[in-house]
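S.K.: Quick one: structure below, then a few questions.
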Amino acid sequence: MFFNIEMVVAVVFFAAMLTRTGFLKSTWQQLVTVALQIVSVWCLIYLFLTHVYPEFLFAKDVISLCFSAVFIFAALKDRYESDVYRSHQSNIATK
């Protein structure tokens, strides 16, 4: 029973973190968002592998790292797009 509650909480946390973006946010907000996204992935994978597929527990860190890379690349993209958007807006304002 307790495992079901843990999994529901982990899935809700993961789903909530999927909807977060760092676009046009300050650096600290982007870093906190990415850190929470990574924590959500690691928690979900750890719970799932520990209770459902314990034979894959040895690969937990590798699997988590691969999924975390998706959030890191998304954050880098958001950071790049934020900088491009801000520089484009400042160019328009000076004209």
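S.K.: How large are Rg and Dmax for region 32-88 when only the alpha carbon atoms are used, in Å?
M.R.: That works out to 15.0, 51 Å for Rg and Dmax.
S.K.: Roughly how many percent of the accessible protein surface of the chain is carbon and sulfur, given a 1.4 Å probe and a whole-percent answer?
M.R.: Within the chain, the accessible surface is 74 percent carbon and sulfur.
S.K.: How charged is the neighbourhood of TRP42? Take every other residue with its Cβ under 13 Å from the Cβ of TRP42, and add Lys/Arg as +1 and Asp/Glu as -1.
M.R.: 0
S.K.: Go through ARG86, ARG20 and list them by solvent-accessible area, largest first, probe radius 1.4 Å.
M.R.: From most accessible down to least: ARG20, ARG86.
S.K.: Report ³J(HN,Hα) in whole Hz for each residue of region 51-57, in order, from the Karplus equation J = 6.51 cos²θ - 1.76 cosθ + 1.60 where θ = phi - 60°; Gly and Pro get x.
M.R.: Couplings: 9, 9, 10, x, 5, 9, 4 Hz.
S.K.: Could you put MET1, MET7 in order of accessible surface area, largest first, with the 1.4 Å probe and the full protein assembly present?
M.R.: MET1, MET7
S.K.: Could you put ILE45, ILE63 in order of accessible surface area, largest first, with the 1.4 Å probe and the full protein assembly present?
M.R.: These residues rank, largest area first, as ILE63, ILE45.
S.K.: Let me ask something else. No solvent, one uniform scatterer per C-alpha: report log10 I(q)/I(0) for the chain via the Debye equation at q = 0.12, 0.20 1/Å, two decimals.
M.R.: Relative scattering, expressed as log10 I(q)/I(0), comes to -0.48, -0.94.
S.K.: Give the Cα extents of region 10-58 along the principal axes, in whole Å, largest first.
M.R.: 42, 19, 10
S.K.: For the chain, what does the relative contact order come out to in percent, with C-alpha contacts under 8 Å and a separation of six or more?
M.R.: Relative CO of the chain lands at 32 percent.
S.K.: Probe 1.4 Å, all protein chains in place: accessible area of CYS66 in Å², nearest 10?
M.R.: 90 Å²
The values are calculated or read from the model by the stated rules, or taken from the named source; none is laboratory data. Keep in mind the model is a prediction, meaning the values are calculated, not measured. Neighbour counts are summed over all protein chains in view; Cβ atoms, including those assigned to glycine, are modelled from backbone coordinates with ideal geometry. To get the accessible areas, we keep the full protein, side chains included, count just its heavy atoms, and leave off ligands, DNA and RNA. Shrake-Rupley method; radii C 1.70, N 1.55, O 1.52, S 1.80 Å.
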